[in-house]
Amino acid sequence: MGKTIVVIGGQWGDEGKGKVVDFLAEKADIIARATGGNNAGHTVVVGDKTYKFHILPSGVIHPTKLSICGNGMVIDPKVMCKEISTLEADNRTVNSELLIVSSNAHVITQEQINEDIETGGKVGTTGRGIGPCYKAKIARTGLRIAEFVKGDSPEAERLRPLVRDTYIALNEALEQGKNILVEGAQGTMLDIDHGTYPYVTSSNPSAGGACTGLGIGPTKINKVIAIMKAYTTRVGRGPFPTELGTDKQTLEEGTWDNIKDNFDEALKEALEKANAGDEYYEGKAMRLIGREYGTTTGRARRTGWFDAVVAKYSVRINGLTSVACTKLDVLTGLKTIKICTAYDIDGNQVKDFPLTGEGKPVYEEMPGWEEDLTNVTSTDQLPQAAKDYVKKLEELIGVPISILSVGPKRSQTIILKEDELF
């Protein structure tokens, strides 16, 4: 019998889903994306090549897999066609045997992009038209892609052969016992219903969105894996209890293009000041080592210590069966590492996430390590401090860590719980 595994972001997005999905896709027959649009970004490293997708499922780089864009997505046809052209320029075939798009997915229009640019700044949207498109969908005034491809534009012509009722392909695959991998976008804390509203996206990137966004029943899902960084990041405005430094300080750093030319000097300064106890530079060190700059926008991500309150909330909201912990290697060089185990709210320690998203973090400190982890292939090779840190995270999260990632490449992946995977 096959398995259906849903992979979602367990924090505020940008947890490294692209790499984990690509890794799991090796044993999947179908890779399907259920929600969101080109406000998301997935980076996949294969050998010496790096692929950046904003709308296509990461599975499209696998030449024998079927990738599906589900009905819960909102699609900018120009962006989708550009990504298809990029793949074709790399001698990768894109046809209806490898990629299909739900006829019920909604189309992002230029008017919606313009509206988002004008109004989305207050919550820090990407200005890609996502919110206005979902608003039109709920108001029942939206444009579905089945209608769009009846037009005579170059994008309509290119996408027309790929559009069909995708729920049929998915449910037939379930009946045939095939392995299905559902690829999430964004993260649980950006969920329109369960995130830090109003600083959220306009869809349900939590596990429940996999069902409504693809047309598969909840009883068909076998495993739900959340990707969580060994620390925490956030893009855009909104509460972030474990943030190191301020949102304003991070914004003033600019984009990756402003950073990369002076990277070595900036990192040396950040580590020195971080290990002297400067909170802002603790966050900046993680941002630099982890290349925490958006795939879609290039903007610097806000960084903070691992938040176990958020992690446990994610376990409950998504019904997690395990966690894939990414970017453990980024913490190398920090003498002290902190974990938020509770929030202080009006003098009371709270361990259940408050839906306001606000609270003063209560930290537990652990010793850091100096050893490079990027060539580690088993937990036995980890320094003791890193082993202790991973064990502590697992205890606080409350579900097993099934995957440990120590770098962006497929080879930099350690499997801890085989039975949680395909």
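Read-outs throughout are calculated quantities, based only on the coordinates presented, and are distinct from any laboratory measurement. Everything quoted here is computed from the prediction, not taken from an experiment. All Cβ positions, glycine included, derive from the backbone under ideal geometry; neighbour counts span all protein chains shown.
Check cross-link reach from LYS137 to the lysines: straight Cα distance under 25 Å, and skip same-chain residues fewer than eight apart. In chain and number order, the partners are LYS78, LYS82, LYS122, LYS150. No solvent, one uniform scatterer per C-alpha: report log10 I(q)/I(0) for segment 4-227 via the Debye equation at q = 0.08, 0.16 1/Å, two decimals. For segment 4-227, the Cα-only Debye profile gives -0.25, -1.09.
3J(HN,Hα) along segment 225-240, derived from phi through the Karplus expression 6.51 cos²θ - 1.76 cosθ + 1.60 where θ = phi - 60°, amounts to 10, 9, 8, 9, 5, 6, 9, 9, 9, 8, 10, x, 7, x, x, 7 Hz, with x in place of Gly and Pro. Checking every one of the GluC sites (Glu not before Pro) in segment 79-173 against DSSP loop status and a limit of 16 other Cβ atoms within 10 Å picks out GLU97. For segment 4-227, the dipole from Cβ point charges (+1 on Lys and Arg, -1 on Asp and Glu) about the Cα centre works out to 200 debye, to the nearest 20. Taking other C-beta atoms within 10 angstrom as a stand-in for reagent exposure, LYS392, LYS327, LYS351 fall in the order LYS351, LYS392, LYS327, fewest first. The eigenvalues of the Cα gyration tensor, multiplied by 5 and square-rooted, give segment 298-339 an equivalent ellipsoid with semi-axes of 23, 14, 11 Å from largest to smallest. Here the 3J(HN,Hα) profile of segment 181-191, calculated from phi with Karplus coefficients 6.51, -1.76 and 1.60 at θ = phi - 60°, is 10, 9, 9, x, 10, 6, x, 3, 6, 10, 5 Hz, Gly and Pro shown as x.
Each label point was placed 7 Å from the Cα along the Cα-to-Cβ direction; for ASP261 and ARG160 their separation is 4.8 nm. Taking 12 Å as the straight-line reach from the Cα of LYS3, the aspartates and glutamates in range (excluding those fewer than 8 positions away in the same chain) are ASP29, GLU175, ASP419, GLU420. Each of the peptides 252-264, 231-243 was scored by the mean count of other Cβ atoms within 10 Å over its residues; in descending order, highest first, they stand as 231-243, 252-264.
Comparing THR356, THR379, THR43 in a Gaussian network model of the chain where C-alpha atoms under 10 Å apart are linked, the largest mean-square fluctuation is found at THR356.
Would you grab the residues whose amide H sits under 5 Å from the one on LEU99? Only those 5+ places off in sequence or on another chain, please, with H modelled 1.01 Å from N. Counting only residues 5 or more places away or on other chains, the set is SER67.
Cα centroid distance between segment 343-389 and segment 229-270, in Å? The two parts, judged by their Cα centres, are 19 Å apart. Computed 3J(HN,Hα) for segment 264-277, one whole-Hz value per residue from the Karplus formula 6.51 cos²θ - 1.76 cosθ + 1.60 where θ = phi - 60°, is 4, 5, 5, 5, 4, 5, 4, 5, 4, 6, 4, 6, 8, x, glycine and proline marked x. Over all projection directions, the Cα-based convex hull of the chain averages an area of 19.7 nm². In segment 139-281, one over the average inverse separation of all distinct C-alpha pairs is 19.8 Å, which is the Kirkwood hydrodynamic radius. With neighbour counts taken as other beta-carbon atoms within 10 Å, the residues SER58, SER203, SER67, SER153 rank, fewest first, as SER153, SER67, SER58, SER203. Using only Cα atoms, locate the centre of segment 398-422 and the centre of segment 121-176, then give the distance between them in Å, rounded to an integer. So the two Cα centres are separated by 32 Å. Volume of the convex hull of segment 243-304 (Cα atoms only), normalised per residue: 68 Å³. A cut-off of 5 Å between modelled amide H atoms, ignoring neighbours fewer than 5 places along the same chain, links ILE401 with VAL323. The value for segment 1-65 of Rg(Cα) / (2.2 N^0.38 Å) is 1.08. Stretching the chain fully between THR219 and LYS417 yields a gain of 69.0 nm (0.36 nm per residue, less the alpha carbon separation).
Potential lengthening of the chain between GLU252 and ASP193 amounts to 18.2 nm, from the contour at 0.36 nm per residue minus the alpha-carbon distance. Stretching ASP90 away from ARG140 to a fully extended chain increases their span by 14.1 nm, per 0.36 nm per residue minus the current alpha-carbon distance. Highest average first, the peptides 137-145, 331-339, 399-407, 70-78 ordered by how many other beta carbon atoms sit within 10 Å of their residues are 70-78, 399-407, 331-339, 137-145. Residue pairs exceeding 28 angstrom between C-alpha atoms, taken from LYS65/LYS220; LYS178/LYS391; LYS52/LYS391; LYS17/LYS260; LYS19/LYS338: LYS178/LYS391; LYS52/LYS391.
Each residue in ARG302, ARG164 was given a count of other beta-carbon atoms within 10 angstrom of its own, and listing them fewest first yields ARG164, ARG302. Around the amide H of VAL182, modelled in the peptide plane, lie the amide H atoms of ILE5, VAL6, VAL7, ALA32, all under 5 Å away and 5 or more residues distant in sequence or on another chain.
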